[in-house]
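Have a look at the structure below before the remarks.
Values quoted throughout were computed directly from the atomic coordinates according to the rules given, and no laboratory measurement underlies them. Everything numeric in this text was worked out from a predicted model, so none of it was measured. Here the Cβ is made from the backbone with ideal geometry for all residues, glycine too, and neighbour counts use every protein chain on show.
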Amino acid sequence: MSASISRRAALLAAALGGLGPAGCAGPTAPIGAGGQGARPGSGPGSASAAPNVPYDVTKLLKPKHKYLGATFEGVPQTLAPVDAWTQLAGKAPNLLVYYLGWGDEFQPDQTLAVWRHGMLPYVAWEPFDKTLQQIAGGGEDDYIQRTAAAIRDLNIPVAISFGHEMNGHWYPWGTRQNTPADFVEAWHHLHDRFQDAGVSNVIWVWSPNVINPVPTVQLQPYYPGDGYVDWLGVIGYYATTGPHTFDTLFGPTLDELRAFTTKPVLLSETASESTPRKPADIADLFAGVAARDDVLGFVWFNLNKETDWRIDSSPQSLAAFRNAAADPRFGFDAEHPDA
């Protein structure tokens, strides 16, 4: 287990009421030759685009089919877990989430490898070591601009969430140490620095936790606005206690979101605890996502941490996942979403 995983896990209690575990990250390697210094549109990821033409993410924003995403221990340094999961699930994921600690360097070579493996790279950017006020105040602009330039020059689509689960109290960027205005100001500043750098290949994902464990925290004050957000990346888990159907786990949050925005939803972290109910939870998740046109898909947290969230925690769970994933509505070629 990496230091980053241990750090995040220490901040979270057992999964209750839809509150899930922390994500995964690995050690940061030196920046590769992926795109630093290249002209926009001419980097190694631009094979499908004309030279000097920025990648157009439009078709990925609301594709015809659902995203079947996942995250694993050790990615993106290695993609071996992706291939192993594909064999188990019977279908390859087309979106991969991995975690970037604030101050760690974005890795163009690793991100390009994710894209070439058939998956949309999704970076969950975690500001552990700097405050929202420092970010909003410009103290981190050199780092932001360096990251923005690397992503722009790579010229492939990259989804980015910043400060996920900001409506909870379990992270330093959450409700105990910050106001909603602090979060929105940091988001606006980050987004604006990317825009100033000419970055147009990012899908911006605003990612709250489901409201069930924090019902008194209103989401709208934390929302940066439709001009700053592409997707709503809702996080929620099927736990032993608390809500355990799609409608009770995600429904209250989706209802609250729809009061102030129509942006599409990606369930950006979800899974089910390893209990006898897990096969039913899996079927319920797929059915719930399939039934809603405004939900783009989900990302399965395929780790054994706090509990065994993996799809193969039991033969019954694996059979349920494999059967549900065979639905042709789930999964598509990320590079050619209309195919």
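Descriptive notes on the structure:
- Cα centroid of region 278-323 to Cα centroid of region 73-101, whole Å: 15 Å
- Peptides ranked, highest mean first, by Cβ atoms within 10 Å: ranges 214-220, 103-109, 313-319: 103-109, 313-319, 214-220
- Three-way shape label, region 293-339, alpha-carbon gyration tensor, a/c 1.5: prolate
- Whole-number percent relative contact order across region 128-192, with pairs defined as alpha carbons under 8 Å at least 6 apart: 50 percent
- Between ALA339 and HIS169, the contour length at 0.36 nm per residue exceeds the alpha carbon distance by 57.0 nm.
- Between ARG146 and GLN134, the modelled labels are 1.4 nm apart [label points 7 Å from Cα along Cα→Cβ].
- Listed peptides 80-88, 200-208 by packing density, highest first (mean Cβ within 10 Å): 200-208, 80-88
- Size descriptors for region 115-247: radius of gyration and Dmax over Cα atoms are 15.5, 46 Å.
- Over the C-alpha atoms of region 202-244, the Rg to Rh ratio, Rh being the Kirkwood estimate, stands at 1.05.
- Kirkwood Rh and Cα Rg combined as Rg/Rh, region 77-149: 1.09
- Relative to the compact-globule estimate of 2.2 N^0.38 Å, the Cα radius of gyration of region 182-339 comes out at 1.12.
- Rounded to 5, the percent of DSSP beta bridges in region 189-339 classed as antiparallel: 15 percent
- Viscosity 0.692 mPa s, temperature 37 °C, Stokes-Einstein D of region 49-93 from Kirkwood C-alpha radius, µm²/s: 252 µm²/s
- Three-way shape call for region 155-203 based on the alpha-carbon gyration tensor, with the a/c threshold at 1.5: oblate
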